[in-house]
Amino acid sequence: MNVFAIIGRVVLSTLAEIGALTRFIWLSVSHVFRPPFFWRLVAQQMLRIGYFSLPVVALTAFFTGGALALQIYYGGNSLNSESIVATIVALGITRELGPVLGGLMVAGRVSAAIAAELGTMRVTEQIDALTTLSTNPHKYLVVPRVVAAVITLPLLVFVADIIGIMGGFVVSTGSLDFNAGVYIKNTADFLKYDDVMSGLIKAAVFGFIIATMGCFHGFNSKGGAQGVGRATTNAVVTASILILAANYVMTSLLFAN
Amino acid sequence: MSEAKIELRNVHKRFGKKVVLDGINLTVPKGESLVVIGGSGTGKSVMIKCVLGIIRPDSGEIFVDGKDVLMMDTSEREKVLRKFGMLFQGAALFDSLPVWENVAFGLIQGRKMKRKQAKDIAMEKLAKVGLAPEVGELYPAELSGGMQKRVGLARAIAADPEIIFFDEPTTGLDPIMADVINDLIVDSVKDLGATTLSITHDMASVRKIADKVAMIYKGKIIWSGSRAEVDNSGNDYVEQFINGRADGPIQMEVLKP
């Protein structure tokens, strides 16, 4: 086969996908601000996306904070490690690891669940049925999920920040014999409002990515069980990659000065 | 001749290279029941989805009550959609909601009716399709195929629509349940005085519910007439279809061993 034909086809299908995604996001976001609003559904989704993700995110944060403390201690034990460990754990967790690892864990959990649910609704014609019942599927299905994810992800990451720092504290005081009071003082001295805030802004963006990717791939799934499976995989993979890419862009913007 | 409720003029639709609708012309007179017959993959479902606005045709005009729905903006279109009810092939019930909420969905979400009042109407419609009030509290997954179809029918007629679409209403049911559904369709349509457009390949169903019959083949309407004329159509395609013969002008794309 002609190489140029293959390249052309790949470029065209990529552009078509980007176009479809842009249209999808526009349709969904435009419905966020137009009544009617489905508050009950938003609350229900907040429970599913946020509350039920707490154990996963908390465990991730705890072990990450602990491992981070050990790494810094082993890497820099000739210097004044007692102050360095506390500072770097606090900054690393709130700025980067809390939002990114939390976002990735929720992406795996929630994007997949959304894509599978909406994908099944698509192949069983339930989404078409919504249209025939005078209900806009974007408003009824997509908007509550996106709004709920954008609200709950920062809350989740805030909890992850606290538990992550606690993980570092437990390891430092438990197995590295640091002084608990000094550790807390160092954390409080170096941690600034901006560090936490930047992480929470990132988390809101990640929430948008997670819900949008789940909904987009679910909405466009076709071809029965296999199609739903493919949509689920694509949702998790694209959400994860977009989270990492968006994290880089936001880090370079938020910490440029 | 009575006025046209729905009219399709020269409607074309293709997916990639595959032409699905190749210039459909079809008129559904007000208050009548038109049944479109045709084999699998001849474009029957796509045609109905074009009228509902779920799929946008490439070219052509679709009139509902004399107005071209393809030229309308979203809010006008939503108003037109309120005239429609639809029974889907697989019933397409929302499996996250109990049966009564499925039936009342269009009233609660689409028309902002109070839940209490909507529930009363839902129960009344369930009784009309021969289902006991207890069924209203069950979930769709707990019902048999025939019961799901009946709930789908109750949902389609819940908002007293002017136009009802039936997508293969008897497919996948045993002959007796199929006949029950046919009777319910005839009764419920008569009560409402609704205009109906059905697609099916079940000739027993055609003989029971049709006033007029049209046959679709390769994306075109190739024959139309009254129910009585179907059996003496003099059209080779129609003859082959209603008698269910493998030999004839319609050749299935099946490779002979």
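The values are calculated or read from the model by the stated rules, or taken from the named source; none is laboratory data. Values in this document were obtained by computation on a predicted structure and should not be read as measured data. Glycine also receives a Cβ, built like all others from the backbone with ideal geometry; neighbour counts cover every protein chain displayed.
For (1) over 14 Å from the mean Cα position of the chain (by Cα); (2) within 14 Å of chain B (Cβ to nearest Cβ), each residue gets a yes or a no:
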site	(1), (2)
A:ALA86	yes, no
A:MET105	no, no
A:ALA116	yes, yes
A:VAL123	yes, yes
A:ILE127	yes, yes
A:SER134	yes, yes
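Give me a count of the residues in the range B:86-100 that are more than 9 Å from chain A (Cβ to nearest Cβ) and in a loop (DSSP other than H, G, I, E, B).
2
Could you check the range B:27-42 and list, in sequence order, the residues that are surrounded by fewer than 23 Cβ atoms within 10 Å (Cβ to Cβ) and either farther than 10 Å from B:TYR217 by Cα or not assigned by TED's automatic domain parsing to the domain that holds B:GLN240 (or both)?
Correct list: B:THR27, B:PRO29, B:LYS30, B:GLY31, B:GLU32, B:LEU34.
So B:ALA104 passes all but one of these: (1) away from chain A (no Cβ under 13 Å); (2) of a type outside the set (Phe, Trp, Tyr); (3) crowded, with 22+ Cβ neighbours inside 10 Å. Which condition number does it fail?
It fails just one condition, (1).
Please work out if A:VAL228 is in a helix (DSSP H, G or I), more than 22 Å from the chain's Cα centre (by Cα) and in contact (Cβ under 8 Å) with a residue 24 or more places away in the chain. Full working, then the answer.
Working: in a helix (DSSP H, G or I): yes; more than 22 Å from the chain's Cα centre (by Cα): no; in contact (Cβ under 8 Å) with a residue 24 or more places away in the chain: yes.
It is false that A:VAL228 is in a helix (DSSP H, G or I), more than 22 Å from the chain's Cα centre (by Cα) and in contact (Cβ under 8 Å) with a residue 24 or more places away in the chain.
With the structure loaded, tell me whether A:SER111 is under 16 Å from A:ILE209 (Cβ atoms), of a type outside the set (A, V, I, L, M, F, W, C) and in a helix (DSSP H, G or I) or whether it fails that test.
Values: under 16 Å from A:ILE209 (Cβ atoms): yes; of a type outside the set (A, V, I, L, M, F, W, C): yes; in a helix (DSSP H, G or I): yes.
When the stated conditions are applied, A:SER111 passes them.
Any idea how many residues of the range B:66-85 are part of a strand (DSSP E or B) and loosely packed, with under 15 Cβ neighbours inside 10 Å? Reasoning before the result, please.
So in the range B:66-85, the residues part of a strand (DSSP E or B) come out as B:67-68, B:84-85.
So of that shortlist, the ones also loosely packed, with under 15 Cβ neighbours inside 10 Å come out as B:67-68.
Summing the residues that are part of a strand (DSSP E or B) and loosely packed, with under 15 Cβ neighbours inside 10 Å in the range B:66-85 gives 2.
Residue-by-condition table, conditions (1) in a loop (DSSP other than H, G, I, E, B); (2) under 17 Å from B:ALA92 (Cβ atoms); (3) modelled with pLDDT of 90 or more:
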site	(1), (2), (3)
B:ALA141	no, yes, yes
B:THR170	yes, yes, no
B:ILE181	no, yes, no
B:LEU184	no, no, no
B:ASP187	no, no, no
B:ALA204	no, no, no
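Anything in the range B:220-239 that is in a helix (DSSP H, G or I) and without any contact (Cβ under 8 Å) to a residue 12 or more places away in the chain? List them, or say none.
B:ALA228, B:ASP231, B:ASN232, B:GLU239
When residues of the range B:32-46 are filtered for being more than 14 Å from chain A (Cβ to nearest Cβ) and farther than 17 Å from B:VAL206 by Cα, how many remain?
3
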